[in-house]
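Working notes, beginning with the structure itself.
Just so you know, all these numbers are worked out from the coordinates, no wet-lab data involved. From a predicted model like this one, the values you see are computed outputs, not experimental measurements. We place every Cβ from the backbone using ideal geometry, glycine too, and count neighbours over all the protein chains shown.
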Amino acid sequence: MIKEEYDVIVIGAGIGGLACASLLAKAGMQVLVVEQSSRPGGYVGSFKKKGFTFDCAAHFVTGCHKNGVIGKLLRELKVEREIKFIKVKAPVRFIFPDFEFSFSLNDLEGAERIIKERFPQEAKNLDRYKETLDRIGQEIIKVGSSFSIWKMSFFPLLFPSLFKYRNYTVRKLMDEHFTDERLKTILSISPVTVPPSKASLLMAAVLKVESQEAGIYYPKGGMQSFTNVLVRGLKKYKGELLLNTLITKILIDKGKVQGVKLADGRRIKATYVISNASLQQTFYKLVGKKYLKKRFIKKIEGKELSLSCFILYLGIDMDLKSLDLNFRINVYPTYNTEKQYEILKGGEIPEEFAFVMTFFSLIDPITAPKGKHALIITTAAPYHYHKDWGTGDGGEVEYRRLKENIIKRMVEKAEKIIPDLSFHIIYQGAATPLTLERETLNTQGAIYGLAATPKQIGPGRFKNRTPIKGLYLVGHYTYVAHGIGAVTHSARAVANMIVKREERR
Ligand SMILES: Cc1cc2nc3c(=O)[nH]c(=O)nc-3n(C[C@H](O)[C@H](O)[C@H](O)COP(=O)(O)OP(=O)(O)OC[C@H]3O[C@@H](n4cnc5c(N)ncnc54)[C@H](O)[C@@H]3O)c2cc1C
C-alpha cells in the first residue's frame, strides 16, 4: 500500500533510478520508485523462454571490481554477497573483410602483436598511439569520480591530456597517427552508435580503460540478477517499488515540484522528484512546455539521440563447443563505417550491415538447457525505418513483414559463421526500435540516450539539476555518459546533491 506522500519519488526503475533511490533510502529518506513496466531494470533485465534466459538489451557490467562504481555501491548497500559476477576472460573475435583476429581483454599485448604483424608499416605509429591513449587513460583513472572545485580550477595543469583531447573525435586522433584507413576503422571500434568522425575520443578512452584495465563482468543467471540485487538494496532500507504504474504528470506549483500524477489519476506528493525517463518524456510529456523557458527547450532540441538497434534472440540446439566459437563475434562487412552510419541516419539498414553475436551460455551455462545455447545478434537500426517500421502506412502486417525480413537476413549472415544454424533454431524472438521504445519509454528506442559526441559527453551532457526546483534527472541522458557504470555515477551525483540540500534545510 503506497503512502500519500514521500520525500523522494523516482520516475523509472532503470539502473540510474534504482541506484539513486537505494542511496537516498539508505540516507534515511522515504523513497518510492514508480516503474511503468512489470519488470524493473529498463534496458538491464532478462526474460525466459523455453528454458533459455535472454538478456533484453545490455549484456555486460563494468566497474564491478572492489573500487569500481558498482562494486562500491553494492558494498555500501550491503548486498554485495547476494550476487556473483563472472569476470569475462574469453577472447572476442573481430571479422573484417580481409582480416580476422581474436583477443582476450586481458591480453592487449597479444592483440597489439597481431595488428602489428598485419600492418607492419604502422607499427611505430601504433606505439605512439598507444602512448597517447595510455596517458589519457591514466588521467581518467586519476580524475576518478571525486571532482572537487580545486581539481576543476587547475584542470588543464593537472590533467593536460584530458584537457587537450576533450573536443577530439576518435577519427581526429586516428588521422594524426595512421595512414591505413583499414587500421583506423579496426582501432575505432567501441560501443557507441556514432562513427569515428563523430565519436568522442574521451568516451572511447573511458570505455577502453574500464573494460581493459578493470574488466567486464556478467552477473550469474543473467542481467536481471543485477537489477534484482539493486531492488533488494532499495528494500533493505525501506525504499518502495511500484511496478506496472505509469507516471503521467510531474506536478509543479510556483516553479517547484509538488509530486506526481499516476495514470489512474492518483496524486502522490513529494519534496523531490527524480526522473530516469528520457529528456523528451520528462520535459514535454510529464512537465509540459509551459513551465519551460524557450532557451531550455532549444537546449533539449539541440541534443542528438543515439541510434536504436534490432535484436534477435535465438535458442539453438547445437553443440557449439565443436565449432570453437568465441563468446562474442563482431562482424564488419566493410571498413567504411562512416557510410554505414549515413545509411542508418537516412532511415535504412545497410545491405551488408555490421552485427555482433553473443553466446551467453558460453559464459554462464545456466542461461540455456543442457546441450543448447542462447545466442543474441544485434545490429544498429533507425527508428524511422520504412516510415517508422511501417506503422505509419501498412500497420501491424507491414511491421511483421519488415521484422521477418531482417530476421532472415541476420540468420543468413550468422549462418556463414555457424553452418546450418537455421536448422537448429528452437526459439526465436526479436526486438525493433519500436519494441525498445515501448518497453523502456526511451524516445525513439535510443539505446544509449544521447549520442556519444564530444559535445554530449561529461560536462556537455544534460545537467542532473533542472530549472524546476526539486526536479532532478538521472540516467543515460545526463552527466556523465551512457552505460551501466556511467548511470550509476549519475545516480550517486544526484543522491549527493539531495542529501547535501537536506543537510542545509
Ligand atoms: C541493446 C543494448 C545493449 C547495451 N549493452 C550494454 C552493455 O553491455 N553494458 C552497458 O554498460 N550498457 C549497455 N547498454 C546501455 C545501458 O543499458 C544503458 O545506458 C543504461 O542501462 C540506461 O539506464 P537508465 O538508468 O538511463 O535507464 P533505462 O534503462 O533507460 O530505464 C528507464 C526506466 O524508466 C521507466 N520509465 C520511463 N518513463 C516512465 C514513466 N513515465 N512512468 C514510469 N516509468 C517510466 C522505463 O520503463 C524504464 O524502466 C546497452 C543498451 C542497449 C539498448
| Which entries in the list K249/K500; K130/K172; K455/K500; K261/K455 go over 24 Å, if you measure between the two C-alpha atoms of each? | K249/K500; K455/K500; K261/K455
| message | Within the stretch 308-443, count lysine pairs with alpha carbon atoms under 14 angstrom apart where the residues are 8 or more positions apart or belong to different chains. | response | 5
| task | For a footprinting-style exposure proxy, rank M203, M497 by other Cβ within 10 Å, fewest first. | result | M497, M203
| task | Pull up the cross-link candidates among the aspartates and glutamates for K290, meaning alpha carbon to alpha carbon under 14 Å and not fewer than 8 places away within one chain. | result | D253
| request: Tell me which residues come under 5 Å, amide H to amide H, from M29 once H is placed; ignore anything under 5 positions away on its chain. | output: none
| J(HN,Hα) series, the stretch 395-407, from Karplus relation 6.51 cos²θ - 1.76 cosθ + 1.60, nearest Hz, glycine and proline x | x, 4, 5, 5, 4, 5, 5, 4, 5, 4, 5, 5, 4
| field | Exposure proxy order (Cβ contacts within 10 Å, fewest to most) of E502, E131, E35 | value | E131, E502, E35
| said: So if I take the centroid of the Cα atoms in the stretch 354-415 and the same for the stretch 317-340, what is the distance between those two points in Å? | reply: 14 Å
| request: Would you mind computing, in nm to one decimal, how far apart the modelled labels at K269 and L323 are, each placed 7 Å from Cα along Cα→Cβ? | output: 6.0 nm
| task | Would you give the gap between the C-alpha center of the stretch 444-492 and the C-alpha center of the stretch 5-53, rounded to a whole Å? | result | 17 Å
| remark: Mean projected area, convex hull of alpha-carbon positions in the chain, reported to one decimal in nm², is 24.0 nm²
| task | Quick one: grab the alpha carbon gyration tensor of the stretch 108-214, order the square roots of its eigenvalues as a ≥ b ≥ c, and give me rounded if a/c is under 1.5, else prolate or oblate depending on whether a/b is larger than b/c. | result | prolate
| task | Let me have the relative contact order for the chain, percent, based on Cα pairs under 8 Å that are six or more residues apart. | result | 23 percent
| note | Excluding residues fewer than 8 positions from K84 in its own chain, the aspartates and glutamates with Cα under 14 Å of it are D364
| Per-bin percent of Cα-Cα distances, the stretch 29-73 [5 Å] | 5, 17, 14, 18, 21, 17, 7, 2, 0
| Of the beta bridges DSSP finds with both residues in the chain, what % are antiparallel, to the nearest 5? | 70 percent
| field | Sum of side-chain charges, L362 neighbourhood, beta-carbon under 10 Å (Lys, Arg +1; Asp, Glu -1) | value | +1
